[in-house]
Amino acid sequence: MKNWVWILVVVLVVAGVAYYFVKPKAEVGDIVIGVVAPISGEAATFGISTKQGVELAAEEWNANGGILGRKIFLKVADDKGDPTTAVSEATRLIEMEKVYAIVGTVMSKCSIPMSSVAQESKIPMISPTSTNPKVTIGKDFIFRACFLDPFQGTVGANFAYKNLGLKKVGVLYDIANDYTKGLAEFFQAQFVKLGGTIVAFEGHPAGVTDFHAQLTKIIAAGPELIYIPDYYNDAGLIAKQARALGFTGAFLGGDGWDSPDLVKIGGDAIEGGFYTNHFSKDDTRPIVQDFVNRFKAKFGTDPDALAALAYDAANVMFDAIKRAGSTDGTKIKDALKVAKFSAVSGVIQFDENGDPIKSAVIIEIKGGKHIYRATVEP
Ligand code: PHE
């Protein structure tokens with residue numbers, strides 16, 4: 001082998017060993033909590049925000065002496081937005097890393113299979129942001145910190161019909177994603193109930209970047225608005241391609257639009273679009289503004305809904321461990337069942353499925369910024 005190859009090998013080995021010693025490790029007695037989020041992949045801003053929200057919560061608890069006098073130690077795993085990876089990472093966290101509880105994950109399509117793993121191992125799990133009903137149903141160890149899509153779809157449909165005064169809507173969703181398909185159907189049900197017409201209801205395959213075929217059909221049906229219940233990367237591309245095909249009507253989406261990258265991808269096409277969400281940094285309540293300031297001080301950016309809900313979900317879990325007085329999974333689950341926590345995104349108190357009842361906000365994309373427009377109570 002050439003000399004430089006040997007040098008490279010030595011450098012890599014030394015770096016690996018050094019990293020092993022420098023990397024923070026859990027100590028005996030720490031309360032080890034698993035965090036699962038899509039830190040890379042199709043919607044990486046979701047995972048980064050989520051990780052930051054949980055880290056801020058853990059840092060604040062640790063600064064106050066931890067939980068039950070023990071330090072919180074986070075084991076963070078990247079599910080890459082892929083359901084199979086979410087399952088294998090949760091399994092690894094539970095079996096190898098011996099986590100006492102899991103905060104995660106973000107996307108419903110990942111949280112649905114992952115929650116079965118946590119349930120079977122009797123490890124309590126709270127998803128900050130997975131909104132599909134199937135995440136928690138029939139699983140008493142599984143909770144979430146956000147509202148559900150039957151509510152979110154209803155809020156979207158009411159907004160389109162009553163506030164925007166529109167009667168004809170086309171819908172484009174991802175056929176392989178429980179969240180986008182579910183939200184499309186919940187929106188449709190309410191919009192039709194109100195007396196509106198869904199002029200086109202089209203699905204696209206997962207992982208594509210060309211939506212012309214579906215959009216051509218939808219636009220030909222003459223909608224005044226296209227509903228795009230999809231993540232920001234697809235939503236940005238869909239808006240762009242719809243405009244290029246001559247569509248001049250409105251766009252409406254759901255919480256999946258919440259990313260600084262929506263406008264980077266969608267550009268002018270997404271301007272004037274509306275979406276339903278969980279949280280706005282412009283909410284003037286002191287609990288929100290205090291959180292926004294602490295988050296900004298630590299990370300240098302404004303928190304989005306993913307960061308706020310991850311912060312809330314982590315706090316609810318830590319508080320339950322404290323009230324349980326134990327790291328036993330069943331005791332934590334029982335403490336979660338009776339939680340009543342004043343969180344940044346609203347009070348979190350669970351129904352029999354482990355779901356809280358929360359309000360929604362309407363956000364408008366104006367001048368390339370996400371502007372708060374209204375709060376909608378359940
Ligand atoms: N609600 C989405 C899902 O269930 C995830 C999400 C929440 C994305 C909030 C962005 C903001 O898949």
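The values are calculated or read from the model by the stated rules, or taken from the named source; none is laboratory data. In this text, all values refer to a predicted model and were calculated from it rather than measured experimentally. Heads up, the Cβs are rebuilt from the backbone with ideal geometry, glycines too, and the neighbour counts pull from every protein chain shown. Just so you know, the surface numbers come from the protein's heavy atoms only, side chains and all, with ligands and any DNA or RNA stripped out. Shrake-Rupley method; radii C 1.70, N 1.55, O 1.52, S 1.80 Å.
Numerical summary
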{"read-out": "MRE, 222 nm, helices only [DSSP H, n ≥ 4, -39500 (n - 2.57), over the chain, to nearest 500]", "value": "-14000 deg cm²/dmol"}
{"read-out": "Those trypsin sites (Lys or Arg not before Pro) in segment 67-143 that DSSP places in a loop and that have at most 14 other beta carbons within 10 Å", "value": "K98, K122"}
{"read-out": "Where W6, W61 fall by accessible area, highest first, once all protein chains stay in place (1.4 Å)", "value": "W6, W61"}
{"read-out": "Longest DSSP-loop-exposure-free segment, GluC sites (Glu not before Pro), the chain, at most 11 other Cβ within 10 Å", "value": "28-351"}
{"read-out": "For segment 356-377 and segment 194-218, distance of Cα centres in Å", "value": "24 Å"}
{"read-out": "Separation of the R323 and K162 label points, Cα + 7 Å toward Cβ, nm", "value": "3.2 nm"}
{"read-out": "Net charge dipole size for the chain [Lys, Arg +1 and Asp, Glu -1 on Cβ; Debye, nearest 20]", "value": "340 debye"}
{"read-out": "Longest to shortest principal axis, alpha-carbon extents of the chain, angstrom", "value": "64, 63, 38"}
{"read-out": "Nitroxide proxy distance, nm - points 7 Å out along Cα→Cβ at T84 and L68", "value": "3.8 nm"}
{"read-out": "For D230, distant residues with modelled amide H under 5 Å away", "value": "G254"}
{"read-out": "Among T284, T45, T327: highest mean-square fluctuation, GNM of the chain, C-alpha pairs under 10 Å", "value": "T284"}
{"read-out": "Rounded accessible area per residue of the chain, 1.4 Å, Å²", "value": "42 Å²"}
{"read-out": "Three semi-axes of the equivalent ellipsoid, segment 243-350, Cα gyration tensor, whole Å, largest first", "value": "36, 16, 12"}
{"read-out": "Helix axis angle, 178-193 relative to the chain longest principal axis, alpha carbon, degrees", "value": "40 degrees"}
{"read-out": "Antiparallel DSSP beta bridges within the chain, percent to nearest 5", "value": "35 percent"}
{"read-out": "Gain in span if fully extended, V22 to I287, counting 0.36 nm per residue against the direct Cα distance", "value": "91.8 nm"}
{"read-out": "Highest-fluctuation residue, V106, V28, V76 considered, GNM on the chain with Cα pairs under 10 Å", "value": "V28"}
{"read-out": "Simple spin-label estimate for M96 and I7 in nanometres, 7 Å along Cα-Cβ", "value": "3.4 nm"}
{"read-out": "With every protein chain in place, the chain: carbon and sulfur % of accessible area (1.4 Å)", "value": "58 percent"}
{"read-out": "Computed accessible area, I287, all protein chains, 1.4 angstrom probe, square angstrom", "value": "70 Å²"}
{"read-out": "Per-residue SASA entry for T91, accessible area with 1.4 Å probe, Å² rounded to 10", "value": "40 Å²"}
{"read-out": "Segment 233-264 residues near the modelled H212 label - backbone nitrogen below 12 Å, point 7 Å along Cα→Cβ", "value": "241-242, 244-245"}
{"read-out": "J(HN,Hα) series, segment 91-105, from Karplus relation 6.51 cos²θ - 1.76 cosθ + 1.60, nearest Hz, glycine and proline x", "value": "4, 4, 4, 6, 7, 9, 8, 6, 5, 8, 7, 10, 9, x, 9"}
{"read-out": "Using alpha-carbon coordinates, inclination of helix 286-299 to the longest axis of the chain, degrees", "value": "70 degrees"}
